[in-house]
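Shown next, in structure tokens, is the structure this report addresses.
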Amino acid sequence: MMDISMKEWITGVIQNHKTVAVPVMTHPGIELTGKSVREACCDGQTHFEAIKALAGRYPTAAATVIMDLTVEAEAFGADVHFTEDAVPAVIGHLLNDADDIKALKVPSLKAARVPEYLKANLLSARAINDRPVLGGCIGPFSLAGRLYDMSEIMVLIYQNPDAAHTLLAKCTEFILKYCKALKMTGVDGVVMAEPAAGLMSDDDCKRFSSDYIRYIVGQVQDDSFSIVLHNCGNTGHCTKAMVATGAAAYHFGNKCDMRQVIKDVPPTALAMGNIDPVSVFKEGTPEQMYETTTRLLQEMKQYPNFVLSSGCDTPPHTPMENIDAFFKALDDFDKTI
């Protein structure tokens, strides 16, 4: 655990004349330890060892856990497909109609793989004390979409908004329990992934996502624990709804223009992003990575609250040479400041 609070850490990042980096990545750490994605997603010790390995190799300003958007859905009873070297995926959907939603029970924190993720967070918080450790969870609308089907939830919010709100309330109840448990492990915050909210307009995003997230933020965020809201589905059209949550930081995907979205972020909150995790981190060359990172840093240098990051979780088999080039570009840029 850090010697300073998260509030102090965020203030320090903003006041620091140099830019810091918090890429969302754990998969390279899994590969450093010689384990499979499946092992890390199912075993808290393996997951922790991947986080620790990355913290030892790269000067990230914070450590992050795996962005796994199946953990909470599986706890509710959804079927999840695992392979050795790919991110788990929800199969089909658990709910079919309003009656199913009404009958849905909010699970305990002992369900499915939740205990293993709490274990990974606990071990990471105890072992890594030179930077914040950020846990992870899904957002309420994205969870609802995985339980009801993403296309069907988009129809439901218009045809039967009351049923949609009932489902969102149950999702929020569980996510809040999970965030409180994550906070108890000693981690310094949580990256809440809410990509499905980017499918909605700004107004609908606020009604069916941000209002629920704001409630969670009000319950768990304080000087020692921060919510980082990630929405890689946002192309810039729902940034105001994101900011309405009151989160301490906002993480943007590569589909939006950081120069534009940061204008809607309060100067006291962090704006994080947004190098493409696939076309640049995984599929690009080190030269492309260096050039892309340098260009983004130049574009954002007037914003003290900007934090360099990937646009989403870096995928399995991202070349280490590209990650090295990412940090080399940052180091070279900071030397000019």
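The values are calculated or read from the model by the stated rules, or taken from the named source; none is laboratory data. Keep in mind that this is a model prediction, so the values were computed, not measured. Here the Cβ is made from the backbone with ideal geometry for all residues, glycine too, and neighbour counts use every protein chain on show. Note: accessible area is taken over every heavy atom of the protein model, side chains too, but ligands, DNA and RNA are not part of it. Shrake-Rupley method; radii C 1.70, N 1.55, O 1.52, S 1.80 Å.
In square nanometres, what is the average projected area of the Cα convex hull of the chain?
Average projection, Cα convex hull of the chain: 14.7 nm².
Measuring from label point to label point, each 7 Å out along Cα→Cβ, what is the Val278 to Thr166 span in nm?
It is 3.6 nm.
Ordered by residue, what ³J(HN,Hα) values in Hz, to whole numbers, does the range 256-273 give under the Karplus form 6.51 cos²θ - 1.76 cosθ + 1.60, where θ = phi - 60° and Gly and Pro are x?
Using θ = phi - 60°, the values come out as 10, 8, 4, 5, 8, 5, 5, 5, 8, 8, x, x, 8, 10, 7, 10, 10, x Hz.
Please enumerate, by chain and number, the aspartates and glutamates with C-alpha under 12 Å from the C-alpha of Lys102, excluding those fewer than 8 residues away in the same chain.
Straight-distance partners of Lys102: Asp162.
Note down the relative contact order for the range 252-335 as a percent, whole number, built from C-alpha pairs under 8 angstrom at least six residues apart.
Relative CO of the range 252-335 lands at 40 percent.
Provide the solvent-accessible area of Arg38, counting protein heavy atoms only and rolling a 1.4 Å probe, rounded to the nearest 10 Å².
Answer for Arg38: close to 100 Å² accessible.
For the range 89-162, I need the span (max minus min coordinate) of the C-alpha atoms along each principal axis, in Å, sorted largest to smallest.
50, 23, 22
Placing +1 at every Lys and Arg Cβ and -1 at every Asp and Glu Cβ, with all other atoms neutral, what dipole size does the chain have around its Cα centre, in debye to the nearest 20?
The dipole magnitude comes to about 760 debye.
Assuming a viscosity of 1.306 mPa s and a temperature of 10 °C, what translational diffusion coefficient in µm² per second does Stokes-Einstein assign to the range 90-221, Rh being the Kirkwood radius over Cα pairs?
The diffusion coefficient I find is 103 µm²/s.
Can you give the helix-only mean residue ellipticity at 222 nm for the chain, where every DSSP H stretch with n ≥ 4 adds -39500 (n - 2.57) and the sum goes over all residues, rounded to the nearest 500 deg cm²/dmol?
Result for the chain: -14000 deg cm²/dmol, rounded to the nearest 500.
Can you tell me the 0 to 90 degree angle between the C-alpha axis of helix 320-335 and the longest principal axis of the chain, rounded to 10?
Helix 320-335 sits at roughly 60 degrees to that axis.
List the lysines whose Cα sits under 25 Å from the Cα of Lys35, skipping any in the same chain fewer than 8 residues away.
Straight-line reach from Lys35, under 25 Å: Lys52, Lys110, Lys119, Lys282.
Using mean Cβ contacts within 10 Å as the protection proxy, how do 290-296, 309-315, 323-329 order, highest first?
Averaged packing, sorted descending, gives the order 309-315, 323-329, 290-296.
Please work out the average accessible area per residue across the chain, using the 1.4 Å probe convention, and give it in Å².
Value for the chain: 40 Å² per residue.
Would you work out what percent of the accessible area of the chain, with all protein chains in place, is carbon or sulfur (probe 1.4 Å)?
Accessible surface attributable to carbon and sulfur in the chain totals 50 percent.
To the nearest 20 debye, what is the magnitude of the charge dipole of the range 8-101 about its Cα centre, counting +1 on the Cβ of each Lys and Arg and -1 on the Cβ of each Asp and Glu?
800 debye
Take Leu109 and Lys7, extend 7 Å from each Cα along the Cα→Cβ direction, and tell me the distance between the two endpoints in nm.
If labels sit at Leu109 and Lys7, their model points lie 2.3 nm apart.
Could you give the length gained by full extension between Phe82 and Lys335, i.e. 0.36 nm per residue of separation minus their alpha carbon distance, to one decimal place?
This chain segment gains 86.7 nm when fully extended.
Counting pairs of alpha carbon atoms under 8 Å apart in space and at least six apart in sequence, what relative contact order in percent does the range 36-143 give?
40 percent
Please compute the length gained on full extension between Gln219 and Asn129, using 0.36 nm multiplied by the number of residues separating them and subtracting their Cα-Cα distance.
29.9 nm
Along the principal axes of its C-alpha atoms, what lengths does the range 243-330 span, in descending order and rounded to whole Å?
36, 25, 17
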